[in-house]
Amino acid sequence: MFPELNTNRRVLRQFRQDDLEPICAYIGNYEVSKMLTVVPYPYTKADGEWWLKHINETPLNEATNWVIESADGFAGAIGIRILEDGHPRIGYWLGEPFWGKGYMSEAAEAVVNYCFEALGASKVTSGAFEENDGSLNVLAKNGFQTVGSRPDKSRARKEQDVTLIEVELTRDLWEAMRAVAV
């Protein structure tokens, strides 16, 4: 069964076929797609159809992807994939009209909690391009610590090398942060 998650203001739900139009509209914005590694630009309807098919066929124990639902409907996406070492890695994007409203910080917190509580993870990893201040702030707010950087490619930027900041959040730090918040 799909693990729907709730935050104070958002619902993180399973993707539906009627999400295709907003996916294509929001991720088709170069300002969004240029901050992602594997997303092409321009982003076509065929790309969106492939994505929906892919996430519906991928077992939840390999990857789980949620829609971030706003009061206006689809706002973006957040997901985890389980790496070869068994640790979940979070990836996400948000439509530009929803930037700066705290949506992603809330969604990331819910997914981090899911990783530690439901999956029993000992650490969660993620990363963001070094120029993506918004994404790096989301990760920092959620307790992620920088563990390094490396060159990576941005498909939307025609495989241009971009510096990716690697981050992780350990179970010990997550538990310490929760203890302080109580």
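Bear in mind these aren't lab numbers, they're just calculated from the coordinates by the rules spelled out. Values in this document were obtained by computation on a predicted structure and should not be read as measured data. Methodologically, a virtual Cβ is constructed for each residue, glycine included, from the backbone with ideal geometry; neighbour enumeration extends over all protein chains shown.
Give the residue, chosen from VAL112, VAL67, VAL147, VAL124, that is closer than 23 Å to TYR30 by Cβ and β-branched (Val, Ile, Thr).
Criteria check complete, one pass: VAL67.
Listed residues VAL112, VAL162, VAL147; which is under 17 Å from the mean Cα position of the chain (by Cα) and more than 22 Å from ILE23 (Cα to Cα)?
One residue alone meets the criteria, VAL112.
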Positions within the range 91-109 being closer than 23 Å to ALA25 by Cβ and not small (Gly, Ala, Ser), in sequence order: TYR92, TRP93, LEU94, GLU96, PRO97, PHE98, TRP99, LYS101, TYR103, MET104, GLU106
Sole exception among (1) farther than 14 Å from MET35 by Cα; (2) in contact (Cβ under 8 Å) with a residue 60 or more places away in the chain for ILE55, by number: (2)
Hits in the range 134-170 - residues which are touching a helix residue (DSSP H, G or I) at 6+ places or on another chain (Cβ under 6 Å) and either in a loop (DSSP other than H, G, I, E, B) or farther than 23 Å from LEU94 by Cβ (or both): ASN142, GLY143
THR37 being of a type in the set (S, T, N, Q) and over 16 Å from the mean Cα position of the chain (by Cα): no
